[in-house]
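The structure under discussion appears below in the form of C-alpha cells.
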Amino acid sequence: MSRPEGLKTMAGGVSALVLMASVSPALATQVRAPGEPPAANTAEAGLWGISEETETYARRSGDRNNDPALNTYVSGLTCRVAGQHCKDIRVYVMDRPVFNAMAAPNGYVEVWSGLMLRASTEDELAFVLGHEVAHFLEEHSFERMRTLRNTSTALLVFSLGAAAAGVYYQVDVSALIDAVYLSSMAAYMGYNQSHEAQSDQMGLEMAHKLGLDASAGALIWENLKAETAASSFRRVRTAEAFGSAFRTHPLTSERIEALGQQAKTLGAEGTGIEDRKRYRAIIRPHLADWIEDEHRHRDFGRLLHLLERLGADGDDLGLINYHKGEVYRRRRDEGDDLLAANAYRAAVAHADVPVAAYRELGALEAKLGNGAAARDAFNKYRELAPQADDQWIVEEQLSQLNGDNV
C-alpha cells in the first residue's frame, strides 16, 4: 500500500468508526474463547474490520523492523504471556522512538522500539506485553466504543488523538509516523482509568505466572517517570510522564504504588545485572539505530538520562558515550564543547565506539586548541573509514592542522 493509499484507508477506518459509534447496537460483553471470531454482521465484526485495515498498514509500514531474530523473540514472549490465546496474537516490532505497545481488537500487537530500548529486562517487557494482551482479552476496545454513541463524541476523540501525538513530539516527525494513523488508533484504543488499572493487574499476574519478577511493573514506570522529569521541555516534565502516544491520563504515582503493592502480594524477588545483560544481548544489534532515532525529539535532558541508565552496568560504553557526545554537540549550550569532547574521549577508549566519534573528536580537539590530539583523532578516522564520503573534509582539516605550530 502506498502512503497516500494508507492515509485514505486510515481515514476510511475512522469514518466507519464514527458511523458505527452513532448507530450501532450494544456490543458484546462476553470474552470470546480462544480462536473464536466475532459473529458476522455485528458491530464487533465491524471494529475487527477496521483493525484489519490498520494491521495491513502496519504490516507494510516502512517503520516495521524485519529482523527475524528480534521478531521471533518478541512474538515468542508475547505468546508465552497470552497463553491459550497465543494463536490469536500477531506481533509487529516497529522502529519508532516512543515508549509504546498496543493490542488491537482483532489481536494484532505493535511493540515500538522506544519501549524495547527502555525496558531493562525481559520481565519489564513481559509486563507491558501482558498489559496490552489484557486489553485484548477483556475487550476493552469494545467497552470503549459504548461511550462513543454519537458522531461528535467520536470526532472529539479523533481530534484528541491527533493533538496528543502533536503535543508529545517536540519536532515535526510526520515522516516517521502518519498523524492520521496515530489518530485513528487513538480513537478506538483510548482506554479509561479502570481499563488501565485492570490491564496493569492482569499484565503483572501473567508475567509473574511465567516466573518473571513481579517488581518489573512498578520499576519500568518509575524509570520512565524519572526520565520524563529530566526532560528539557517544561510541558513534558509537567505532564508527569509521556507513557504512550495514546494515553488517556498521565502516569500517576498512585499507579506505581498499586503495582508495587501487587508485587509485594505476589512475592517479588528482584532482578539483577545478569537479567539486564541477557536482555541487552537481545536488543544490542539494534541499539545504535534506536538511540540515533531518539535524537529526533531533541529532548536533550531526557536522552541524557536514558543514556546514563543504559550505561549503568558498564556495557556498550563506546556507543553510549558517543551518543552523549552527540547530545552535547547538538545542544550547543555554554560549555558543551568540552562536555562533548570528554564524552568522545571516553567513547574511543572502548572497542564498540562508532567510527564517527573520531571525526567529531578531531573537530572538537581542534576547536579547543588541542592540535596534536585533533590530528590523532582525524588520522584514526582516516584509517578506520577510508571510503567515507567526508574524507576530503577531514583531509582539509588535517592540512590546516599540519600548518599550525601546535
- Quick calc: nm separation of the 7 Å Cα→Cβ label points for Arg331 and Arg234 -> 1.9
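Which pairs in the list Lys277/Lys380; Lys209/Lys264; Lys87/Lys264; Lys277/Lys367; Lys87/Lys225; Lys225/Lys324 are over 26 Å apart, alpha-carbon to alpha-carbon?
Among Lys277/Lys380; Lys209/Lys264; Lys87/Lys264; Lys277/Lys367; Lys87/Lys225; Lys225/Lys324, the Cα-Cα distance tops 26 Å for Lys277/Lys380; Lys87/Lys264; Lys277/Lys367; Lys87/Lys225.
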- Item | Options Tyr279, Leu319, Val353, ranked by Cα towards positive dipole end of region 277-406, top entry (Cβ charges) | Tyr279
- Taking the dipole of region 271-406 about the Cα centre (Lys, Arg +1; Asp, Glu -1; charges at Cβ), the one of His297, Ile393, Leu364 that reaches farthest to the positive side is His297
- Message: With +1 assigned to the C-beta of every Lys and Arg and -1 to the C-beta of every Asp and Glu, and no other charges, what is the dipole magnitude of region 274-333 about the Cα centre in debye, to the nearest 20?
- Response: 200
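Order the peptides 67-76, 362-371 from the highest to the lowest mean number of other Cβ atoms within 10 Å of their residues.
Packing proxy ranking, top to bottom: 362-371, 67-76.
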- Given 328-336, 297-305, the highest-first ranking by average Cβ count within 10 Å works out to 297-305, 328-336
- Item | Inter-site label distance for Val355 and Arg280 at 7 Å from Cα along Cβ, in nm | 2.5
- Message: How much length would be gained if the chain were fully extended between Glu395 and Glu308, taking 0.36 nm per residue of separation minus their Cα-Cα distance, in nm to one decimal?
- Response: 27.9 nm
- Query: How long is the gain from Asn66 to Glu269 if the chain were fully straight, where each residue apart is worth 0.36 nm and the alpha carbon distance is subtracted?
  - Reply: 69.6 nm
- Task: Taking H placed 1.01 Å from N in the peptide plane, check which residues at least 5 places from Met94 or on another chain put their amide H under 5 Å from its amide H.
- Result: Asn65, Val111, Trp112, Ser113
- Task: Using a 10 Å cut-off on Cβ atoms, rank the peptides 105-117, 220-232 from the highest mean neighbour count down.
- Result: 105-117, 220-232
- Query: Check Tyr108: other-chain or 5+ apart residues with amide H under 5 Å from its amide H, H built from backbone geometry?
  - Reply: Arg90
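Throughout, read-outs are computed from the coordinates displayed, never taken from laboratory work. Keep in mind that this is a model prediction, so the values were computed, not measured. Methodologically, a virtual Cβ is constructed for each residue, glycine included, from the backbone with ideal geometry; neighbour enumeration extends over all protein chains shown.
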